Each structure stands twice: as structure tokens, then as C-alpha cells.
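Below is one structure, written out as C-alpha cells; comments come after it.
The values are calculated or read from the model by the stated rules, or taken from the named source; none is laboratory data. Being a predicted model, the structure only gives us computed values, none of them experimental. Cβ: placed from backbone, ideal geometry, glycine included. Neighbour counts: every protein chain shown.
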Amino acid sequence: MVNKEFKLGEIAKLLDLSLEGDQDYKVSSINNLKEAGKYDISFYYSKKFRKDLENTNAGAVILSKSDDLSTLKNKLFSDQVHLAYAKCSQLFTTMSVDLSKQDNKSIIHEGAIISPNCNIETNVKIEDGVVIKPGVFIGSGSTIKKNTLIHSNVSIYSNSVIGENCILHSGAVIGSDGLGFAKNGNKWEKIIHYGYVEIGNSVEVGAGCTIDKASSGKTVINDGVKLDNQIHLAHNCNLGENTIVGANTSIAGSVKIGKNCMIGGLCGIVDNIEIADEVIIHPMTFVTNNVKNKGVYSGGSVLMEHKDWLKKIASERKKI
């Protein structure tokens, strides 16, 4: 969790950024433009987030000179905003390991059943009727609500919220870091993820699924969602109520999927797009754009030599 406070002048000096604004203004966390408040520092590096920049409540924003916005009071300028964001994210983290098991700082209801060889860190809340099978790890600050079943060898990272009447199958990982890195020369700079995962009621998570926590804010799986095995859900995604997703589908960061959708197996969905309510997507479809209207969609190609496939795609695009 974020637990440090910096003056903007300090951040500018540490990250070698130019500052326009109040150098004594204090920020205590980093957040995205849409969710940032007055004590957060945020960042802008893609024109797709221009509206969020114009409406942000962030106390300060890291951006390039070419993207300057006069309405922003506190600005830190960088020629490599994504890299500056990565380095800034590292300022607010404190690495800590809490190896304590069930203790008086956790609230575990008498009606819960916890099997041997589980590791439950501090400040965990486990409600009545929860069943936890052997080998489960639950990180500090997490909440497991009523009548949820967690099968063996599930890993739940800190501050995760699991709703009522959920089923988490073996090998699921809830709250791991997403693919957050910024290019720094020939190396990669890690972006620290400060968010968490929130799972609603009556959700089923299949074996081997990975659900990444948000880089800031939260990754949300709403009530009634059903996930098949081996699904990857990246940071800051939001799955609408009663949506179902087939096995081996990968959903990239900040995707919003509506209610009552059916996503087939082996689909790939690119980042930062929205899919409307009541959309059906057939298996092995690659989704690259927003889906604005309900309906049935499919994509892909029959097997052929790559050069022939390129010609076919070029021909199809001309018809659109």
C-alpha cells in the first residue's frame, strides 16, 4: 500500500523533472487521471486519455510539454512520461513481508472452515460459512465474504475482496501485478501496482486463472461472472454482471466488458476498449476495437500461408 508523502519539489528533483506549480504541494499516492484526487499525482502519455486529463482532480500531473494544459495547477514535465511514471511509482512503495498466520488482528468467524497448511496474513476478514482448502495463501488486508469456497493452492494477494457465495478453483491467482513496465534504454523499469481486485457475489473463477490487481484503483469482477479455466484478466479490467468467459481467453488492461456477455474460449481482447452489454463473441476471435452494440461477433481466419493471409486481410479491408 502507498504510505509515503512527497513535496512536488522533491519528486521533481528525484526524477529530474521540470516543475510548474507549487513545489511545496504534498502528494501521498499515485493514481490514474480518472480516479485521482487532490493528494494524488497522475500521468498523461496517450491522447486516448485526453478527456480524463481535462477533467482530472489530480493534485499534480506528469506530462510532456507538447501536451501542456493551462487549467492544470501543478505539472511536472518529461520527454519520457511513461518512464517517469514508472520511476514515480517506485517512490511510494515500501516492500514488506508479513509471514504471520492467523492472529488477533484478523477477524475469522467461528463458522468458517480453514484447512491445515493455509497461510493467512494480518488484518484479514473471513466471514461465516467460508471454506478454505489446504495450501491457500491470503494476503494482509483481504476480505473473504460469506459462504465462499476456496479450493487448494489458491493465492490471494493483499487487500483483495472476494464476495459472497463465490467459488475459486485450484491454482487461481488473485491480485498479482500486471504487465507494467516502461522502456529505459535497453532495459525495463517496473511500474509499481498499488491497486487491488474486487470480486462480487456468486462469481466462479476457474482453475489456473490469473486476475491482476489494478495499477491504481481496482480490477472489478461484478456479481454473477463465470470464468472458465486458464483465463488471464489484466490490470484495471471491469467485467459486467453475469458475463461468462471461455477457457484460455486473454483480456488486456483497462478493458470494460458489459453485462450478460458471452466470450468464447481462446479469444484475445486488446487493451483500453469497451464491449457493450449482451455481446456474444465466438471462440478464437481477436477483438481490437470497441463493440458498441449488442449482437453476435466473430473473427479470425482459416489456416493458410502467411503471405496469402496478408493479401486476404488487405482485400477484406478494402471492402469495409
(request) With the checklist (1) of a type in the set (Ser, Thr, Tyr); (2) buried (at least 17 other Cβ atoms within 10 Å of the Cβ); (3) within 20 Å of residue 48 (Cβ to Cβ) in hand, flag the one item residue 194 doesn't pass. (result) (3)
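Identify all residues within segment 118-156 that are in a loop (DSSP other than H, G, I, E, B) and surrounded by fewer than 16 Cβ atoms within 10 Å (Cβ to Cβ); write none if there are none.
Our first condition is that a residue be in a loop (DSSP other than H, G, I, E, B); within segment 118-156, this holds for 118, 121-124, 127-130, 133-136, 139-142, 145-148, 151-154.
Residues satisfying the conditions are 128, 134, 152.
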(request) Tell me, yes or no, whether segment 235-243 has at least one residue that is at pLDDT 95 or above, within 18 Å of residue 145 (Cα to Cα), small (Gly, Ala, Ser) and surrounded by fewer than 23 Cβ atoms within 10 Å (Cβ to Cβ). (result) no
(message) I'd like to verify a number: residues in segment 170-191 that are of a type outside the set (A, V, I, L, M), surrounded by fewer than 21 Cβ atoms within 10 Å (Cβ to Cβ) and touching a residue at least 12 places away in the same chain (Cβ under 8 Å), how many?
(response) 10
(message) I'd like the full set of residues that are of a type in the set (A, V, I, L, M) and either more than 18 Å from the chain's Cα centre (by Cα) or at pLDDT 95 or above (or both), limited to segment 1-28.
(response) 8, 11, 12, 14, 15, 17, 19, 27
(request) For residues that are of a type in the set (Asp, Glu) and crowded, with 20+ Cβ neighbours inside 10 Å, tally how many sit in segment 72-90. (result) 0
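Condition check: within 16 Å of the chain's Cα centre (by Cα) and at pLDDT 95 or above. Does residue 255 satisfy that?
yes
Table: residues versus (1) touching a helix residue (DSSP H, G or I) at 6+ places or on another chain (Cβ under 9 Å); (2) modelled with pLDDT under 95; (3) acidic (Asp, Glu).
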site	(1), (2), (3)
30	yes, yes, no
40	no, no, yes
44	yes, no, no
47	yes, yes, no
54	no, no, yes
59	yes, no, no
64	yes, no, no
69	yes, yes, no
90	no, yes, no
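Do we have any residue at all in segment 280-291 that's without any contact (Cβ under 8 Å) to a residue 60 or more places away in the chain, assigned to a loop (DSSP other than H, G, I, E, B) and within 19 Å of the chain's Cα centre (by Cα)?
Of all residues in segment 280-291, those without any contact (Cβ under 8 Å) to a residue 60 or more places away in the chain come to 280-291.
If we keep only those that are assigned to a loop (DSSP other than H, G, I, E, B) as well, we get 282-285, 288-290.
Still in the running and within 19 Å of the chain's Cα centre (by Cα): 288, 290.
Yes.
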(request) Filter segment 197-229 down to the residues that are within 11 Å of the chain's Cα centre (by Cα) and over 21 Å from residue 138 (Cβ atoms), then identify the one that is surrounded by the most Cβ atoms within 10 Å (Cβ to Cβ). (result) 216
(request) Confirm whether residue 299 is part of a loop (DSSP other than H, G, I, E, B) and touching a residue at least 24 places away in the same chain (Cβ under 8 Å). (result) no
(request) Can you tell me which residue among 191, 162, 174, 156 is at pLDDT below 95 and within 16 Å of the chain's Cα centre (by Cα)? (result) 191
(message) I need the full set of residues from segment 161-190 which are within 15 Å of residue 234 (Cα to Cα) and touching a Lys or Arg at 6+ places or on another chain (Cβ under 9 Å), in order please.
(response) 174, 175, 176, 177, 178, 180, 181
(request) State all residues of segment 162-187 that are over 27 Å from residue 31 (Cα atoms) and outside any strand (DSSP E or B); if no residue qualifies, say none. (result) 164, 165, 166, 169, 170, 171
